Structures are given as C-alpha cells and as structure tokens.
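Comments concern the structure below.
Just so it is clear, none of the values below were taken in a lab; they were calculated from the coordinates. Remember, predicted model here, so these are calculated numbers, not experimental data. Reconstructed Cβ throughout: ideal geometry from the backbone, glycine too, with neighbour counts over all protein chains shown.
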Amino acid sequence: MSSKQENQDQVGQDRDVPTYCYQCVAGPDFLTVRVEDGTATEVQPNFASAGVHPAAGRVCVKAYGLIQKTYNPNRITTPMKRTNPEKGKGVDPKFVPISWDEALDLIAGKLNEARAKGLSDEAGYPRVAASFGGGGTPTAYMGTFPAFFSAWGTVDFGFGSGQGVKCYHSEHLYGELWHRAFTVAPDTPLCEYVVSFGSNVEASGGVCGVKRHADARVRGMKRVQVEPHLSVTGACSAEWVPIKPKTDAAFLFAMIHVLLHEQPRENLDVDFLREHTSAPYLLGRFGYYMRDPETRKPLIWDRITERAVPFDTPGAVPALEAAITVERGVEEGADGKVWEHVNERCQTAWEKLVEHMEPYSPLWASEVCDIGVKTIRRIALEYLEHARIGETIEIDGRELPYRPVAVVLGKTVNNGWGGFDCCWARTLLARQRELAVQAGRAQRQPHADPAGRQFAVEPGPGADAPGLDAAKPEPGPLAAADRARRLVRLPHQPGDLVLGYRADRRHYRALPVHRVLHLYA
C-alpha cells in the first residue's frame, strides 16, 4: 500500500503518532503527535521512551509550535521571482510565485550565458560566484551543490557572509577548517569544570542538555558563566562573571597568558603539544613553516640528533624551545611564492605563540573586560587545576587522557567582531589541555558525507579540486586561519551570477554598503 493510500484510509481516524523533533541540533527529542481526521492537532511528550531518552521522553517547548509551522497559511510553497527592477531600501521587490520549471530555466539560462563568455572574465575572476551564509556549513547540508560546482569549474566561493546571529557561525566555520567539528560542547557526564562565555544552554540546550547539566551540577561539576547579563544559565551556574559586552576574547587571551607566562612548563601537557600539534614546527623569517627542500614537509628540531628533520622522521624527539639554526630550508607562501634559506635562524611555532601572548596579561584584560585581575587569574588556574594533566580514563576498553575541563562559546560571542579571536583562543586552550579527547569537550560533526557528493563528478575546467578549496591543509590553527581568509571573497562586477545559500548579502562588510546594496538588494 502506498503512503498516500494509507493516509487516505486513515482519514476519519484519531491516532497518536510517535515521532521526533529535530528543529535544532539540541534534538532529536521524542514526541507524540495527535492526528484527528488526517490533521495533526496536538504535540505531546512520548513517555514510552523514558527508558532510553535522557530527558525521559520530554520535549522542549519549541516542538509545540510544529503544528502552526506545518499549517501556516503564509508559508512559501513555490519559487519567488522579483518583478521590480528598481532596488533600494524600502522598495517593494514585488515578488511573484513561479513554477519550479520556470525557476530552473531562468537559472540555467544565466549559467549558460556566463559559460558562453568563458568561465573567467578578462581580469581572471570567475563569472559565477556562490556564497554560503552559514559559515562552515558541511557539504552534506548542501545536497548536490558541491558536485554541481565541481563539474562546473572555476567558482568564486564566499563563506560565512551575512552571518547575523542565528547560529554559531564562527565556530562552525573555523571548527570545520581546524579540527573538522561542526560545533563543540562539554562532555557533560564526565566534565568537572566549564567556562561558558555566553552559552545559554539552560535556555537553548533542549531538555536533554538541561537534564545533563543539572545532573552534572549535582555531581559537583563547576560551571563559570561569563556574560554581561544574568541569564537563566548564569543563575544556575556556580559563578557568574559580568563581563563587559564583546570583550570575551580579552578574557580568553589572558587565560592563555596565565598558562604560558605564569606557570612552569611541567604543569602543561607538554607531551601532547610536542607529539600531536604543530607546536614544534619551525617557522621561517616570513612566518611560514620552514620545510625540507626535497620533501617540502615541515621541519622540527630533533633533540636527539640536534638538527632539523621532517616532522614525521621516525625516532625524532621534537623540541618546543631551543636555539635553532637550519642549514637548508624553504618557506612556501601564498600564490606559489617560495623562499630558499641557508643557515637560517628559526623559532618554533610554540615559541612564536608564547611571544605573541606575552602582552595579554590579566592586568591588561581587566581594563578591557571590566573584570578584576584576581578573578581572571583564579579562573585560569582553576581551569588548569581541574585539567588533571597526566591522568587517564578507560572508555569502552580504551585508555584515554582524562582532561575533564571545557570552554564553550555562545552565539553572541561567535558572531560579529571578535568571533574569530574567541574561537582561536578557545582552540588554543583546548590544545594545551588536550581536550579533543573524552571527558573534556565533545566535537560534533552531525551529518557526515559518506557518499562524498563533492567527489561524485570529475572537476570541470579551471577547478582546483572536487572539494571547495584546493589549499593543502596544514596541522595547526595558524595555517588554517590563513586558509580561511583566502576563502572569503565577493564577485567584483555587478554582472556576475551569484548563487546565495542561506546568505544575507546586506550584512556583508567586505565592500562599501552602497555597492553591496547595488549587487544584492
């Protein structure tokens, strides 16, 4: 029996349908929908799932709005076409509904027109651009978009444009580039200490998140809520720190300063830094990795042989800090630029980090954040104390490092100016504490792409690679940040075809406002 026939047969019957809510990543939460005469009329909890659901079958209040969402008479059900060529603030675009065939023919015509002229214009810029408003949106969310762009050829990509405040955009974008995690959350059942910068989990974490945090607080987990206003989460936390708005990055930088400049090295997870991060990689005079001239692999300073060797040399013991002179090496910059060096004085990425963070003391941060020096230093030291450096835990038969601390960021911290700095600092704190493993923070990539949609076709002419960017990723956040900066661009001519995916061009700040309005209003 077809589903359509089955629905027709059930008209006139009253029944309760078990299903789930996944309107946000706090779900899925189990629920039951009351159906009367073929129409959903009520959303209820599903207490039958109490034995397997962390929140005992309860669902958050947003799920109760699904009825209105489903039957909203004003919902858009067809493509909409603009009929007013005049653009500007307060001008009615006069959108009219059109069929899918007309919409696809219109877009295909624009694409064919651009292709007939050549994939790139006289200045070398691609004629077709694609912009994704959800920074770091995984390719699995984009359907066949990645495969289409791969087959097309050269495309001018823009990521994270028009972010607004509807999601954790900076975290999504840089997390995807740095450690392939769509978002980051504490491993609440095992975590002991959480520093939360504006993450209002008690209001937005769903029933499962609220229940787990409540259980963790009963168990003894301490949560420090750093945010300007006293939110529900701040009221439920062990401590509320009323920071000045948009100064979270200064607080985080000061925490890093305390660990790097006020604590002995043995208190840090030096083994993890040395063996599992880019901290020992050598840097040249232009700030790029110093590489082996033959293999082009990044170099480290081997403490055993007292010479520079490729990072993956068997038996090598990397040095984090040392007086280093590299006999021969090369730096690879952007756009194929290469510098060759002989007897070059180098420093490690770790030494560069220590040097860079020296000015950002708790005293400096206190004047920026309007938070006392003692409070900033105390929280940094509590974070370090609870990190349990050297301890391990067994999970599913595997012995793993036990680092039960986490730093989480809220939406306002992720969005707007300062978002990158906060994500960068949080990632640095995590790497120093080895929190990418169990009991600290849990990295989440909610929808993997096992089918490999972006690799489903051969790359078109001019395409760098089937993926979204051909830049070779290097270990470590500094190189990834440089890669991220190269991804964000806008088409330079009003005549270009722009395909926008969840993007609001009016919020983009890389161009003058009047030009943005001209291009996209």
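Give the order of 127, 426, 328 when sorted by the count of other beta carbons within 10 angstrom, beginning with the fewest. Don't jump to the answer; show the numbers that get you there.
Details: 127 23, 426 28, 328 15.
Arranged by neighbour count, lowest to highest, 127, 426, 328 become 328, 127, 426.
Which of 255, 80 has the fewest other C-beta atoms within 10 Å, and how do the rest follow up to the most? Could you put the intermediate results ahead of the total?
Numbers: 255 28, 80 12.
Sorted ascending by nearby Cβ count, the order is 80, 255.
Restricting to DSSP loop positions (anything but H, G, I, E, B) with no more than 15 other Cβ atoms inside 10 Å of their own Cβ, which GluC sites (Glu not before Pro) remain in the stretch 249-284? Intermediate results must be reported in sequence, preceding the final value.
Working: sites: 262, 266, 275; in loops: 262.
The qualifying sites are 262.
Please report the spacing between the Cα centers of the stretch 237-251 and the stretch 33-81 in Å, no decimals.
For the stretch 237-251 versus the stretch 33-81, the Cα centre distance is 36 Å.
Could you go through the stretch 303-320 in sequence order and give the Karplus-derived ³J(HN,Hα) for each residue, using 6.51 cos²θ - 1.76 cosθ + 1.60 with θ = phi - 60°, rounded to whole Hz, and x for Gly and Pro?
Once θ is set to phi - 60°, the couplings for the stretch 303-320 become 6, 7, 8, 6, 8, 7, 9, x, 4, 9, 5, x, x, 6, 10, x, 9, 8 Hz.
List every residue whose amide H lies under 5 Å from the amide H of residue 402, counting only residues 5 or more places away in sequence or on a different chain, with H placed 1.01 Å from N in the peptide plane.
The list, which skips near neighbours in sequence, is 391, 392, 393.
Out of all Cα-Cα pairs in the stretch 278-348, roughly what percent, to the nearest whole number, are more than 19 Å apart? Write out the running numbers ahead of the final one.
On the way: 541 of 2485 pairs.
The answer is 22 percent, as a whole percent.
What list of ³J(HN,Hα) couplings, whole Hz, do you get for the stretch 388-394 from phi and the Karplus terms 6.51, -1.76, 1.60, once you set θ to phi - 60° and write x for glycine and proline?
With the stated coefficients, the stretch 388-394 comes to 6, 4, x, 8, 10, 9, 9 Hz.
Once you have the Kirkwood Rh of the stretch 3-71 from its Cα pairs, apply Stokes-Einstein at 20 °C and 1.002 mPa s and quote D in µm²/s.
On the way: Rh = 12.7 Å.
The estimated diffusion coefficient comes to 169 µm²/s.
What whole number of Å gives the distance from the Cα centroid of the stretch 176-219 to the Cα centroid of the stretch 377-419?
Taking the Cα centre of each part, the stretch 377-419 and the stretch 176-219 sit 11 Å apart.
Which of the pairs 94/411; 246/374; 62/110; 337/411; 69/89; 222/297 have their Cα atoms more than 31 Å apart in this structure?
Values: 94/411 34 Å; 246/374 20 Å; 62/110 40 Å; 337/411 38 Å; 69/89 29 Å; 222/297 43 Å.
Cα-Cα > 31 Å for 94/411; 62/110; 337/411; 222/297; rest within.
Residue 225: net charge of surrounding residues, Cβ under 13 Å, Lys/Arg +1, Asp/Glu -1, itself excluded? Working shown, then result.
Values: positive: 217, 222, 223; negative: 202, 227, 239, 248.
Cβ neighbours under 13 Å give a net charge of -1.
Could you give me the ³J(HN,Hα) list for the stretch 339-348, computed from phi with Karplus coefficients 6.51, -1.76, 1.60 and θ = phi - 60°, whole Hz, x at Gly and Pro?
Karplus-based 3J(HN,Hα) across the stretch 339-348 equals 10, 9, 10, 10, 6, 8, 6, 10, 10, 7 Hz.
Going by how many other Cβ atoms sit within 10 Å of their own, how do 182, 95 line up, fewest first?
Ascending Cβ contact count within 10 Å gives the list 95, 182.
For residue 95, what residues show an amide H to amide H distance below 5 Å, using hydrogens built from the backbone and excluding near sequence neighbours?
Under 5 Å from the amide H of residue 95: 83.
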